[in-house]
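Colleague: For reference, the structure I am asking about is given below.
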Amino acid sequence: MDGRPHLPAAIRQWYGDSRGRYEGDVLVIDVANFSSKTDVLGAREKLHLVERWTRTGPDTLLYVVTV
């Protein structure tokens, strides 16, 4: 959340390397550098996620993920 870039591509993590920021009221989390042991639709270490979390009410969130 402090604006730092992703870790170098040579450093891979099981759950990826997450970097967050706000775009208005939307929390955007960019996740890259997954380990080759992580497998989502065959992507493995090339997997890249962009998650968007938006509060839509006092007790609800809208979650949208781009794979």
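Colleague: Kindly report the accessible area of the chain per residue (heavy atoms of protein chains, probe 1.4 Å, no ligands, DNA or RNA), in Å².
Modeller: Value returned for the chain: 74 Å² of accessible area per residue.
Colleague: Additional query: Placing unit charges on C-beta atoms (Lys and Arg positive, Asp and Glu negative, everything else neutral), compute the dipole magnitude of the chain about its Cα centre in debye, rounded to 20.
Modeller: About 240 debye.
Colleague: Just to be sure I understand: of the beta bridges DSSP finds with both ends in the chain, what percent are antiparallel, rounded to 5?
Modeller: Antiparallel: roughly 95 percent of the beta bridges in the chain.
Colleague: DSSP loop chymotrypsin sites (Phe, Trp or Tyr not before Pro) in the chain with at most 15 other Cβ atoms within 10 Å of their Cβ, which ones?
Modeller: TRP14, TYR15
Colleague: Under the 0.36 nm per residue contour assumption, what length would be gained going from the current alpha-carbon distance of VAL28 and THR66 to full extension?
Modeller: Gain on stretching VAL28 to THR66: 12.6 nm.
Colleague: Can you give me the long-range amide H partners of LEU47? Hydrogens built in the peptide plane at 1.01 Å from N, cutoff under 5 Å, separation of 5 or more residues or another chain.
Modeller: PHE34
Colleague: Percent of accessible area on the chain owned by carbon and sulfur, 1.4 Å probe?
Modeller: Reported share for carbon and sulfur atoms: 57 percent.
Colleague: So what are the ³J(HN,Hα) numbers for the stretch 50-60, from phi and the Karplus equation (6.51, -1.76, 1.60; θ = phi - 60°), rounded to whole Hz, Gly and Pro as x?
Modeller: Here the 3J(HN,Hα) series is 10, 9, 10, 10, 10, 6, 10, x, x, 10, 9 Hz.
Colleague: Could I ask something else about it? With a ≥ b ≥ c the root eigenvalues of the C-alpha gyration tensor of the chain, is it rounded (a/c under 1.5), prolate (a/b larger than b/c) or oblate?
Modeller: Note, shape of the chain comes out oblate.
The values are calculated or read from the model by the stated rules, or taken from the named source; none is laboratory data. Not measured: the values here are computed from a predicted model. Ideal geometry is used to build each Cβ from the backbone, glycine not excepted, and the neighbour counts take in all protein chains shown. For the accessible areas, the whole protein counts, side chains as well, though only heavy atoms, and no ligand, DNA or RNA atoms are used. Shrake-Rupley method; radii C 1.70, N 1.55, O 1.52, S 1.80 Å.
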